[in-house]
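Below is one structure; the comments refer to it alone.
The values are calculated or read from the model by the stated rules, or taken from the named source; none is laboratory data. Quick caveat, the model's predicted, so the values are computed rather than measured. Ideal geometry is used to build each Cβ from the backbone, glycine not excepted, and the neighbour counts take in all protein chains shown.
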Amino acid sequence: MKPPAFEYEAPSTVEDAARLLADGGDDAKLLAGGQSLIPLLNLRFAAPSLLIDLNGVLELAHINEAAGELRIGALVRHSAVAGHALVAERHPLLAEALGYVAHPQIRNRGTIGGTTAHSDPAAEVPVVLLMSDARVIAHSTRGQREIAVDDLFVSIFTTSLEPDEIITEVIIPDRHVEPGTITGSSFQEFARRHGDYAIGGGAAIVELDAEGICRNARVGLLGAGMRPEESKAAAAVLENSTLAEDTVREAARVATAEINPLGNVHGDVQYRREVIREMTFRAVMTAANKAKAGTA
Amino acid sequence: MTLTEDPTTTADGPAKEVGNARLRKEDARLITGKTTWTDNMVLPGMLHMAFLRSPVAHATISHLDVSAAKDRPNVVAVYTGQDFKDEQGTIPCAWPVTPDMVNPGHPSIAVDTVNHVGEAVAIVVARTRTAAVDAVEAIDVDYENLPVVLDMEEAVKDGADLVHASTSSNTSYHFVFDAGEAGTGSDTDAAFRDAEVTVSRRFVQQRLIPAFMEPRSAVVGVQGDNYTLWSATQIPHILRVMGALTTGIPEHKLRVVAPDVGGGFGGKLQVCPEEILALLVARRLGKPVKWTETRSESLMTAHHGRDQIQYIDVAAKKDGTVTGLRVRLLADMGAYLRLITPGVPALGAFMFPGIYKFPAYRFECDGVFTNKVPTDAYRGAGRPEATFAIERIMDELAVELDMDPMELRRKNWISAEEFPFTTVAGLEYDSGDYEQATQAALELLGYDELRAEQKRRRESGDPVQLGIGISTFTEMCGLAPSRVLGSLSFGAGGWEQASIRMLPTGKVEVVTGSTPHGQGHETAWSQIVADELGVPFEDVEVLHGDTAISSRGLDTYGSRSLVVGGTAVVKAAEKVVAKARKIAAHLLEASEDDLEFSGGKFSVKGTPGAGLGIQEIALAIFAAHDYPEGIEPSIDAEAAFDPVNFSFPHGTHLCAMEVDTETGFVTIRKYASVDDIGTIVNPIIVEGQMHGGLAQGIAQALYEEAIYDADGNLTTGTFVDYLLPSAADLPTFHTGNTVHAATSNPLGAKGVGEAGCIASTPAVVNAALDAVRHLGVTDIRMPLTPERVWRAIHQGGDGGDRAAEGSNAYGGARTTESGIEEAAQ
């Protein structure tokens, strides 16, 4: 074993998991897909006293629809989300983004609840949830509550969850679409190698009317700062325009003018800002082209 | 020429095995892991070692208390450098390249100072690996920091801080080869004084990490005063000699076994401190011990490769004829000299002239100490550095002269009819045809169409530009003629050993001294022996890697196995046939001179039907009831082979590269290479070596770099930051061969293990530059990260100025002390 010693519990219900977490105190950690936690343990960067393994909590493994919303259990694997017909139909941006999550082996283990709770600004799922006005259900022995993801993501690796709360479900409302418009979306991620952790990226959803005027736009930024970002200012530039190249370039510039990406060996702040700007530009252009072609 | 000789059935024997694309017989067990990897070994009562390693690059150890660790559960012993200072000796350096080379010594475990991050400071020995690792955290240690020396150009200045207080400077040696003085060329200074054109460049060969798949691992067994060391090593024979000399265990009391070994790339051509310490701990405790490194430990503490600053000047006439070459190197030794650390640049010293007819050449190299892990052999060792420098500067000269880069090369390369050709560095190139390989490569690439597309993209201002890079290379391999190694002050010879045992049932055991670590020796040697003895491929077993079985050998590196070790196998087989001939003559009641040997059978000339198979003779001589007077009852044989010259594979590599000028991302559009490696024994093995070599050479150009921060911490300490490409990141390789047999061995083989790695790096960089040179870019620092390419295009320079700092292993949170890099720019 590479990690430091820890206690291990494998509850089979949310109630038991919540009880263990409440009793486990600050040093207890939840284990879902383990794609971030296990490397941290093996490098001994993390040393929890108790690991609560959620993989046997089968009630968290559902995907269903209700009242115009998609409800995805926290334990659903990325590959299952990406391959689900309802996701492809209603949230193609999420399916596209999941294709950038590392490699198939990792997508077969990583979970939507895990990546949401991890709150990594360069991860693919959080930014899409933000652009989709998603919410999560947080469960504890004290009850459960809904949190909008915009309120959930506080900073890098930091959420507004209380230490005793477990994300049990991610809720994505169906997009409200104006009649007579066509929506296009695109996710553009930049990394040095296939499947690598992103240097940066951009995502866009645009809604075009019959005259080709953008009625509604959402612009998301990957790895742009301490949390996933959405640029309302860029959306304002795009809305009511025909999404001409110059307009889109201006929107990408506006989106990235104020961002402060984290620099490292693969790129410093200035370069990452350039990359995120270019990816944002490409995302909007691609989304617009898809809308014009009617291919979603 | 065609790929190989026709391997079809001959009139009186089975199909030839040499040239046959056999699947590798060792692969099933290697790939499934169901074999004797060292870490799979378990001995009764075996203990486990874990190391406390220095977190600082240069310091004195001011306080070291291991008592708390000794009290941890299942801990058997904890040792520090004080415990072994009188018996650990120094890690051997077998290549003193100059008589006055400074070697400050290399303790296996630090005694009172540490000189690089990752150096061993204490050893915990416990009943389980986990217990040992846990107890390491209980060791109390304080360091008093000393100035850290990292930058070679600073380290060689007068008054620079010193890595070793015992030395007067950070320069270990100054090695010079001057063709004028050696009598192999004319005066270099005069060539540059009279030059019509000169071009000078400074190239950086970044530090690389061998990154073999199987981590290093060592197990020591104790039987009385006999020790057996199992190790994931490339060099069991050399390790036995050096391990015995270092520890004082008599050589005949030390057996070294390299079981199946999962890759090395030069990184396991070493006498590792951990191997020595495993022997010392096992001797101290009288118990078996095991150590297997983690990947983090491997990246931080196993030796690195490359790391040179190259200053290169070329002199030429205006018509493109080259007239002189001058090379000065700073070569980073790291903190200590390991087995052949100082010799790696010297292996390249004679290859900078490449395939070109320079009349004048001078080479100088300073070996420089820094507070980093030592460098040593890494695939190509010296020759990739030389090939990169010459192939890059030929392109620069072409730009200066406004000549086509291929025309410039063609004007200066050795023509086919000039072989054998003695170069300005004094090497005699054996055979080849550079024009033929080049023509084949141009066709494979579709050169003319791509040039036309490049023109279109340039004219339309396409954000994605296209470039084509050239590398016409040769290398010296088949290491090596022993006398030449002696003249270069290398501590050993370059011969190789083989023996063949004919078993009573006719099966054949081949013992080779050339120990494989993934190359496919078992398959290739079986093919050679099947042809030589006329026995079925399946009847041959190849034994290797155990000094108790293979007592003599010099192991595997430098593309030497087939050229030297394979030839030793041929020589041993010839002896077996000669011995069997005497038995056959006796049993067939014929004169030896009247016998012919074909397809594994001796027969009397003119009566081909009757005869005696060599496998039958093996049984007859085992029984030994009836054999001639005056000879021994055995047809087993042993042979050693020492080549008289290196071999010189060559080839033309062409890379077409797309550069996204908006992001700096580069994509290899197409890669074509035509190599001449002499006779091919197994085309599948050759293809595999080429693909792996290309991947590794391309990786140097585009992905890999070991980065230390300003304090001497390795920031690329995991595979998240030290990037190796996968198949998804690499193009389809379009490969081909021309065949000009080597003249220095009977197989005609030249060696293929390093060719792809040596040739490809400059082709890739030249291609990227060709794509963006019209935008004002003249150089891009390797690896060509998107950030560097983007900077070179948009901000000038080579894009490598920004000191890389910090690590983002898990999301950028540890970038600086404050946790977040300021968005200052």
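Could you say which residue among B:LEU702, B:LEU747, B:LEU723 is within 25 Å of B:LEU23 (Cβ to Cβ) and modelled with pLDDT of 95 or more?
After ruling out the rest, the residue left standing is B:LEU747.
From B:ARG560, B:ARG581, grab the single residue that is closer than 21 Å to B:VAL257 by Cα, basic (Lys, Arg) and touching a residue at least 12 places away in the same chain (Cβ under 8 Å).
B:ARG560
Please list, ordered by first then second residue, the pairs with beta carbon atoms under 6 Å, 6 or more apart or interchain, first in the range B:654-677 and farther than 17 Å from B:LEU775 by Cβ and within 14 Å of chain A (Cβ to nearest Cβ), second assigned to a loop (DSSP other than H, G, I, E, B) and modelled with pLDDT of 95 or more.
From residues that are farther than 17 Å from B:LEU775 by Cβ and within 14 Å of chain A (Cβ to nearest Cβ), the pairs are B:ILE668/B:PRO731.
I'm trying to understand the selection: among the residues of the range B:724-768, which are within 14 Å of another protein chain (Cβ to nearest Cβ) and either closer than 30 Å to B:ASN145 by Cα or in contact (Cβ under 8 Å) with a residue 40 or more places away in the chain (or both)?
The initial filter retains those residues of the range B:724-768 that are within 14 Å of another protein chain (Cβ to nearest Cβ), namely B:724-731.
Within the range B:724-768, B:LEU724, B:LEU730, B:PRO731 qualify.
Only one of these is modelled with pLDDT of 95 or more, more than 14 Å from every other protein chain (Cβ to nearest Cβ), out of contact with any Gly (no Cβ under 6 Å at 6 or more places or on another chain) and surrounded by fewer than 19 Cβ atoms within 10 Å (Cβ to Cβ): B:GLU119, B:GLU154, B:GLU137, B:GLU144. Name it.
After applying the criteria, what remains is B:GLU144.
Select from the range B:347-378 the residues that are among the aliphatic types (A, V, I, L, M) and touching a strand residue (DSSP E or B) at 6+ places or on another chain (Cβ under 6 Å) and list them in ascending order.
Scanning the range B:347-378 gives B:ALA349, B:ILE355, B:ALA360, B:VAL368, B:VAL373.
Looking at the structure I just gave you, is B:LYS318 at pLDDT 95 or above, farther than 22 Å from B:PHE388 by Cβ and surrounded by fewer than 24 Cβ atoms within 10 Å (Cβ to Cβ)?
yes
Those residues that are within 14 Å of chain B (Cβ to nearest Cβ) and surrounded by fewer than 22 Cβ atoms within 10 Å (Cβ to Cβ), I need them from the range A:242-264; list them, please.
Listed by number, the residues that qualify are A:GLU245, A:ARG249, A:ARG253, A:ALA257, A:GLU258, A:ILE259, A:ASN260.
So which residues in the range B:51-87 are over 39 Å from the mean Cα position of the chain (by Cα) and part of a strand (DSSP E or B)?
The answer is B:HIS63, B:ASP65.
Kindly indicate the residue of the range A:172-214 that is of a type in the set (Phe, Trp, Tyr) and within 14 Å of chain B (Cβ to nearest Cβ) and also nearest to A:SER119 (Cα to Cα) among those meeting that condition.
Step by step, filter the range A:172-214, then rank; the result is A:TYR197.
Could you tell me which numbered condition B:ALA492 fails, if it satisfies all but one of (1) of a type in the set (A, V, I, L, M, F, W, C); (2) in a helix (DSSP H, G or I); (3) within 19 Å of the chain's Cα centre (by Cα)?
With respect to (1) of a type in the set (A, V, I, L, M, F, W, C); (2) in a helix (DSSP H, G or I); (3) within 19 Å of the chain's Cα centre (by Cα), B:ALA492 is out only on (2).
Out of all the residues in the range B:17-42, which are of a type in the set (A, V, I, L, M, F, W, C) and in contact with a strand residue (DSSP E or B) (Cβ under 6 Å, 6 or more places away or on another chain)?
Within the range B:17-42, B:MET41 is the sole residue that qualifies.
Tell me the residue from B:ARG392, B:ARG410, B:ARG383 that is among the basic types (Lys, Arg) and buried (at least 24 other Cβ atoms within 10 Å of the Cβ), please.
Only one candidate qualifies: B:ARG383.
Do you know which residues across the range A:120-171 are within 14 Å of another protein chain (Cβ to nearest Cβ) and among the small types (Gly, Ala, Ser)?
If the condition is that a residue be within 14 Å of another protein chain (Cβ to nearest Cβ) and among the small types (Gly, Ala, Ser), then A:ALA122, A:ALA123, A:SER155 are the ones that fit.
Give just the number: which of (1) small (Gly, Ala, Ser); (2) in contact with a Lys or Arg (Cβ under 9 Å, 6 or more places away or on another chain); (3) closer than 27 Å to B:THR98 by Cβ does B:GLY118 not satisfy?
Status for B:GLY118: all satisfied but (3).
Looking at B:GLY664, B:GLY651 in this structure, which one is buried (at least 19 other Cβ atoms within 10 Å of the Cβ), touching a strand residue (DSSP E or B) at 6+ places or on another chain (Cβ under 9 Å) and at pLDDT 95 or above?
Details: B:GLY664 fails: touching a strand residue (DSSP E or B) at 6+ places or on another chain (Cβ under 9 Å).
Answer to the check: B:GLY651.
More than 25 Å from A:ASN264 (Cβ to Cβ) and not basic (Lys, Arg) - does that describe any residue in the range A:218-226? Lay out the reasoning, then the answer.
Filtering the range A:218-226 down to residues more than 25 Å from A:ASN264 (Cβ to Cβ) leaves A:218.
Remaining after also requiring not basic (Lys, Arg): none.
Scanning the range A:218-226, I find no residue that is more than 25 Å from A:ASN264 (Cβ to Cβ) and not basic (Lys, Arg), so the answer is no.
I'm checking my understanding of the structure. Among residues of the range A:37-55 that are over 19 Å from B:THR294 (Cβ atoms) and either without any contact (Cβ under 8 Å) to a residue 60 or more places away in the chain or within 14 Å of chain B (Cβ to nearest Cβ) (or both), which one is surrounded by the fewest Cβ atoms within 10 Å (Cβ to Cβ)?
Per the criteria, the residue is A:SER49.
Got at least one residue in the range A:59-66 being surrounded by 23 or more Cβ atoms within 10 Å (Cβ to Cβ), under 30 Å from A:GLY25 (Cα atoms), under 14 Å from the mean Cα position of the chain (by Cα) and away from every other protein chain (no Cβ under 14 Å)? Steps first, please.
So the first thing to find is which residues in the range A:59-66 are surrounded by 23 or more Cβ atoms within 10 Å (Cβ to Cβ), and the list is A:60.
Next cut, under 30 Å from A:GLY25 (Cα atoms) only: A:60.
From the residues that got through so far, the ones that are under 14 Å from the mean Cα position of the chain (by Cα) too are none.
The answer is no; no qualifying residue exists.
At least 3 residues that are not acidic (Asp, Glu) in each: list the helices (runs of 4 or more DSSP H) lying fully within the range B:141-250 that qualify.
Counting at least 3 such residues, we get B:179-182, B:188-193, B:236-247.
Just to be sure before I move on: is B:GLY756 under 17 Å from the mean Cα position of the chain (by Cα) and modelled with pLDDT of 95 or more in the structure I sent? If you could, list the steps in order and put the result at the bottom.
Numbers: under 17 Å from the mean Cα position of the chain (by Cα): yes; modelled with pLDDT of 95 or more: yes.
Against the criterion (under 17 Å from the mean Cα position of the chain (by Cα) and modelled with pLDDT of 95 or more), B:GLY756 qualifies.
Name the one entry in A:ALA17, A:ALA22 that is hydrophobic (A, V, I, L, M, F, W, C), more than 27 Å from B:SER296 (Cβ to Cβ), outside the structural domain of A:GLY83 (by TED's automatic domain parsing) and surrounded by fewer than 19 Cβ atoms within 10 Å (Cβ to Cβ).
None of the others qualify; the one that does is A:ALA22.
Test each condition in (1) at positive phi; (2) in a loop (DSSP other than H, G, I, E, B); (3) out of contact with any Pro (no Cβ under 8 Å at 6 or more places or on another chain) for B:GLY266 and report the one that comes out false.
Failed condition: (3).
State the number of residues belonging to the range B:507-519 that are surrounded by fewer than 19 Cβ atoms within 10 Å (Cβ to Cβ) and at positive phi.
So the first thing to find is which residues in the range B:507-519 are surrounded by fewer than 19 Cβ atoms within 10 Å (Cβ to Cβ), and the list is B:507, B:509.
When the remaining residues are screened for being at positive phi, the result is none.
Qualifying residue count, the range B:507-519: 0.
Can you say whether B:SER818 is of a type in the set (Ser, Thr, Tyr), at pLDDT below 95 and surrounded by fewer than 18 Cβ atoms within 10 Å (Cβ to Cβ), as far as the supplied structure shows?
Yes; evaluated as a whole, the condition is true for this residue.
Could you please find all residues in the range B:714-723 being more than 22 Å from the chain's Cα centre (by Cα) and facing chain A (nearest Cβ under 7 Å)?
B:THR715, B:VAL720, B:ASP721
If you take just the strands (runs of 3 or more DSSP E) that sit entirely in the range A:137-247, which of them hold at least 3 residues that are assigned by TED's automatic domain parsing to the domain that holds A:VAL81 and more than 27 Å from A:ARG282 (Cβ to Cβ)?
A:143-148, A:166-173
Out of B:VAL102, B:VAL78, B:VAL125, B:VAL111, which single residue is surrounded by fewer than 19 Cβ atoms within 10 Å (Cβ to Cβ), away from chain A (no Cβ under 14 Å), of a type in the set (A, V, I, L, M) and on the phi < 0 side of the Ramachandran plot? Outline the logic, then answer.
Numbers: B:VAL102 fails: surrounded by fewer than 19 Cβ atoms within 10 Å (Cβ to Cβ); B:VAL78 fails: surrounded by fewer than 19 Cβ atoms within 10 Å (Cβ to Cβ); B:VAL125 fails: surrounded by fewer than 19 Cβ atoms within 10 Å (Cβ to Cβ).
Going through B:VAL102, B:VAL78, B:VAL125, B:VAL111 in turn, the sole match is B:VAL111.
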